[in-house]
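Each remark here refers to the structure printed beneath this line.
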Amino acid sequence: MVKYEGKVVIALQVNGEAHEVAVRPSDLLLDVLREQLGLTAAKPGCLNGDCGACTIMLDGWPVKSCLMLAVEAEGHVVLTVEGLNGTAPIQKAFVDADAFQCGYCTSGFLMVCHALKTQNPLMPKENIIEEWLQSNLCRCTGYQEIRRAVRLMYEST
Amino acid sequence: MIPFNFIYYRPDSLQEAADIYSTLQSKGQKAVYFAGGSEIITMCRTGSIQPKAVIDIKNIPECGLLSLYNQKLQIGSVCTLNQISESKLFPLMRLACGRIADHTNQCRITLGGNLCGSIIYRETSLPLLLADAEITLYGPEGERTVPLRSVFYQCMQLKPGEMIVQVQIPVWALSARHYHIKKTANEKIDYPLVSVAAICKDSKLRLAFSGICSYPFRSEQMESALNQQTKSFEERVKQAAELLPEPVYADAEGSGEYRLFVFKNTLRQLLEDWDNGKI
Ligand SMILES: Cc1cc2nc3c(=O)[nH]c(=O)nc-3n(C[C@H](O)[C@H](O)[C@H](O)COP(=O)(O)OP(=O)(O)OC[C@H]3O[C@@H](n4cnc5c(N)ncnc54)[C@H](O)[C@@H]3O)c2cc1C
Ligand code: FES
Ligand code: FES
């Protein structure tokens with residue numbers, strides 16, 4: 001059994017690297033990524049699971065890191081936009097499709113799209129793409145371009 | 001940021017979890033079972049709850065099962081809505097899970113969390129109530145397996161320190177004709193104005209609802225009204241609406257009058273589809 005009380009040091013596997021971080025059990029994964037590991041791609045938005053700006057990947061699936069404790073990530077594989085190293089097909093596709101304006105939502109969308117590709121290596125049906133993308137909001141409303149980026153991602157690989 | 005500290009426990013067994021709960025309770029300290037955490041984290045962040053400890057039950061093997069066993073489908077309480085959908089084992093439940101929150105949240109929200117949460121819709125209860133599911137609970141007084149309907153009325157009626165371990169669904173429900181529809185006020189992803197789940201058993205429709213009242217429910221009286229083959233759709237729907245167990249729910253998403261309008265239209269559509277063999 002695990003019991004954490006007060007400040008504790010936990011081991012996290014983030015972007016292929018092992019990290020040791022000192023956290024309170026009530027610290028959110030989002031805050032620990034940003035403030036302790038300096039990984040600021042995941043963004044705070046609504047903080048209650050609606051906007052998706054904080055989306056990361058956990059064991060290959062998208063997760064909103066504002067609704068997860070850092071201590072819960074122990075033993076799991078965390079991936080953030082920094083871990084894509086600028087080389088993921090979705091990153092080039094976003095540039096080619098002009099799929100961002102202010103960019104605040106972009107990291108979240110990149111992770112949800114990358115997870116979509118991880119779980120569905122071949123282009124899934126439109127309704128599946130729509131279902132996954134609906135988890136994130138873009139206040140600049142670049143939804144058509146984002147949709148195009150997903151198609152480009154699949155066509156380019 | 002959660003502006004206070006709590007103790008985090010991650011037990012490996014049901015007994016450990018219940019022991020932690022009892023020990024803290026005997027000291028007058030508030031503990032909560034923690035599954036997907038989406039509701040607990042938000043409530044802690046906004047200050048609506050301030051537990052002394054959270055007991056993360058995701059490491060307990062019995063709570064994570066998702067398999068067919070002995071003519072029943074077992075779904076562990078910490079299975080996420082997405083795991084349940086991806087398993088494709090229970091088509092009606094798959095439809096219900098696919099309409100709760102959004103896909104990314106479905107990768108965290110658990111079956112137990114949805115049934116026990118404070119948000120009133122608890123939409124996973126609908127397929128379970130229709131399928132005569134049983135539920136296994138564990139707490140300081142031990143384990144019990146009971147029909148879900150005996151412990152779920154309006155919300156889960158748990159004894160202090162009790163947690164959901166899993167639900168068991170009889171196999172007939174996994175292949176039965178079924179129907180699910182969720183109507184929202186604006187966006188597709190939203191709380192329901194009205195959610196209706198239906199399943200066919202012995203040539204009769206069973207129906208359960210969320211959104212139309214302040215709690216989810218299955219009503220056998222309403223089912224009888226809706227199954228009267230000799231009456232018109234209009235008459236059946238009117239009669240069913242008169243049998244709602246409480247006044248229609250109203251909030252900023254929809255007035256009572258509007259919800260009732262949507263409810264009646266939805267039921268009528270359902271009966272038509274049923275009649276035309278579309279279900
Ligand atoms: C963005 C968003 C949209 C949503 N939309 C919908 C919707 O459309 N329809 C709908 O029905 N719901 C909706 N919900 C509500 C959601 O299903 C609940 O908040 C649910 O409680 C979250 O599950 P969880 O596993 O994260 O729960 P937690 O936050 O882990 O727990 C919630 C509560 O359940 C208790 N609990 C959890 N598991 C158990 C168990 N096994 N035994 C006993 N007690 C337990 C906890 O102690 C706590 O009190 C939405 C939530 C979010 C964040
Ligand atoms: S900040 Fe996490 S969903 Fe909005
Ligand atoms: S690009 Fe500005 S919010 Fe999406």
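The values are calculated or read from the model by the stated rules, or taken from the named source; none is laboratory data. Every value quoted in this text rests on a predicted model; they were computed, and no experiment measured them. We place every Cβ from the backbone using ideal geometry, glycine too, and count neighbours over all the protein chains shown. Calculation scope for accessible area: heavy atoms of the full protein, side chains included, ligands and nucleic acids excluded. Shrake-Rupley method; radii C 1.70, N 1.55, O 1.52, S 1.80 Å.
Per residue, the accessible area of region B:61-173 comes to 36 Å², computed with a 1.4 Å probe over protein heavy atoms only. Taking amide H atoms as placed 1.01 Å from N in the peptide plane, list the residues 5 or more away in sequence, or in a different chain, whose amide H sits under 5 Å from that of residue B:36. So residue B:36 has HN proximity to B:110, B:113.
Think of the protein assembly as shown as having a plus end and a minus end, set by charges on the Cβ of Lys, Arg, Asp and Glu; of A:45, B:274, A:86, B:274 sits farthest toward the positive end of this dipole.
Dipole check for region A:8-80: with +1 at the C-beta of Lys and Arg, -1 at the C-beta of Asp and Glu, and the Cα centre as origin, the magnitude is about 200 Debye. What region B:177-275 shows is 48 Å² of accessible area per residue, with the surface traced by a 1.4 Å probe over protein heavy atoms. In this Cβ point-charge picture (+1 for Lys and Arg, -1 for Asp and Glu), chain A has a dipole of about 200 debye about its Cα centre.
Of all lysines in the structure, the ones whose alpha carbon falls short of 16 Å from that of residue B:27, not counting any fewer than 8 places away in one chain, are B:52. Computed over neighbours whose Cβ is under 15 Å from that of residue B:149, the net charge equals +1, Lys and Arg +1, Asp and Glu -1. With a 1.4 angstrom probe, the accessible area lost at the B-A interface totals about 2800 Å². In region B:1-46, the residues that give up 40 Å² or more of accessible area when the other protein chains are added, compared with the chain on its own (1.4 Å probe), are B:1, B:2, B:5, B:6, B:7, B:8, B:9, B:10, B:41, B:45. Taking GluC sites (Glu not before Pro) as exposed when their DSSP state is a loop state and no more than 16 other Cβ atoms lie within 10 Å, the longest site-free interval of chain A runs over A:75-157. Think of each Lys and Arg Cβ as +1 and each Asp and Glu Cβ as -1; about the Cα centre, that makes the dipole of chain B roughly 200 debye. Longest segment of chain A with no trypsin sites (Lys or Arg not before Pro) in a DSSP loop having at most 13 other Cβ atoms within 10 Å? Result for the longest clean stretch: A:8-124.
Taking Lys and Arg as +1 and Asp and Glu as -1, the other residues whose beta-carbon sits under 12 Å from that of residue B:240 total 0. Electrostatic tally near residue B:176: other residues with Cβ closer than 14 Å to its Cβ, Lys and Arg +1, Asp and Glu -1, net +3. Note on region A:84-155: Cα convex hull, mean projected area over all directions, 4.2 nm². Once you have a ≥ b ≥ c as the square roots of the Cα gyration tensor eigenvalues for region A:8-80, tell me rounded if a/c is under 1.5, and otherwise prolate or oblate according to whether a/b is larger than b/c. Because a/c hits 1.5 or more and a/b exceeds b/c, region A:8-80 counts as prolate. Carbon-plus-sulfur accessible fraction, region B:177-275 (probe radius 1.4 Å, protein heavy atoms only): 46%.
The Cα atoms of the protein assembly as shown give a gyration tensor whose axes a ≥ b ≥ c have a/c of 1.5 or more with a/b no greater than b/c, which makes the shape oblate. Quick note on chain B: its Rg to Rh ratio, both from C-alpha atoms and Rh being the Kirkwood radius, is 0.99. Accessible surface calculations at 1.4 Å, restricted to protein heavy atoms, place region A:8-80 at 32 Å² per residue. Its relative contact order, with pairs defined as Cα atoms under 8 Å and 6+ residues apart, puts chain B at 14 percent. Among the trypsin sites (Lys or Arg not before Pro) within region B:62-138, those in coil by DSSP and having at most 12 neighbouring Cβ atoms inside 10 Å are B:88.
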